[in-house]
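Participant: Below you will find the structure I want to go over with you.
Since every read-out is calculated from the coordinates, none of them should be taken as a lab result. Here the structure is a predicted model, which is why all the values come from computation and not from measurement. Heads up, the Cβs are rebuilt from the backbone with ideal geometry, glycines too, and the neighbour counts pull from every protein chain shown.
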Amino acid sequence: MSKEDLLREELVKNALYRLDESTRMISISLTEISEEELWQKPNASLNSIANLILHLCGNITQYVISSLGETKDIRNRDLEFSIKEGESKSELLKKLEKTVDTAKRVIFDASQEQLLKGKSVQGFSFSGIGIIMHVVEHYSYHTGQIAFWVKVLKNKDLGFYDGLDLNAKNKS
């Protein structure tokens, strides 16, 4: 296997892992809140957990599925934030999981050419690698917001890393 193939494989493997980690953490967070809390906004300047999940679905779709996957961009970003009620926790989680699974397939199948090709998304210019990095970072950022909001609501540790020794030292 060439060095380029190994680099591509490592990038894809780590991107897919990070997407799965964020999905896992959001799933845990959703188990802790009620249906009403799902749509609750901390204040007028912030979004509900439901709106953040809708936003994540829109962003992942626009960047990976549409741009990297070379399909039509149908995103309505403003709608992601304006909806005030609707889907349940289970419906939103299924929508998120389906979106992430589709994006993971696009990332997994992306050729070296697609990873290096420049794209314009939301007025920004990214290579396919840049698109993947944006989506992983953006997903992680909003996952942290969701977890924080749940911790504020419930005054509870969410146990994302229960059973792991996070004080373990690095090994060479």
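Participant: Out of (1) more than 27 Å from K156 (Cα to Cα); (2) over 15 Å from the mean Cα position of the chain (by Cα); (3) in contact (Cβ under 8 Å) with a residue 40 or more places away in the chain, what's the single condition that is false for I60?
Facilitator: With respect to (1) more than 27 Å from K156 (Cα to Cα); (2) over 15 Å from the mean Cα position of the chain (by Cα); (3) in contact (Cβ under 8 Å) with a residue 40 or more places away in the chain, I60 is out only on (2).
Participant: Only one of these conditions is not met by E80: (1) in contact with a His (Cβ under 6 Å, 6 or more places away or on another chain); (2) surrounded by 20 or more Cβ atoms within 10 Å (Cβ to Cβ). Which number is it?
Facilitator: (2)
Participant: Which residues, counting only those in the range 121-149, are of a type in the set (S, T, N, Q) and out of contact with any strand residue (DSSP E or B) (no Cβ under 8 Å at 6 or more places or on another chain)?
Facilitator: Q122, S140, T143, Q145
Participant: Which condition from (1) touching a helix residue (DSSP H, G or I) at 6+ places or on another chain (Cβ under 8 Å); (2) hydrophobic (A, V, I, L, M, F, W, C); (3) surrounded by 12 or more Cβ atoms within 10 Å (Cβ to Cβ); (4) over 14 Å from K104 (Cα atoms) is the one that I28 breaks?
Facilitator: Answer for I28: the failing condition is (1).
Participant: Considering only the range 91-124, state which residues are free of Cβ contacts under 8 Å to residues at least 12 places away in the same chain, within 30 Å of M1 (Cα to Cα) and assigned to a strand (DSSP E or B).
Facilitator: G118
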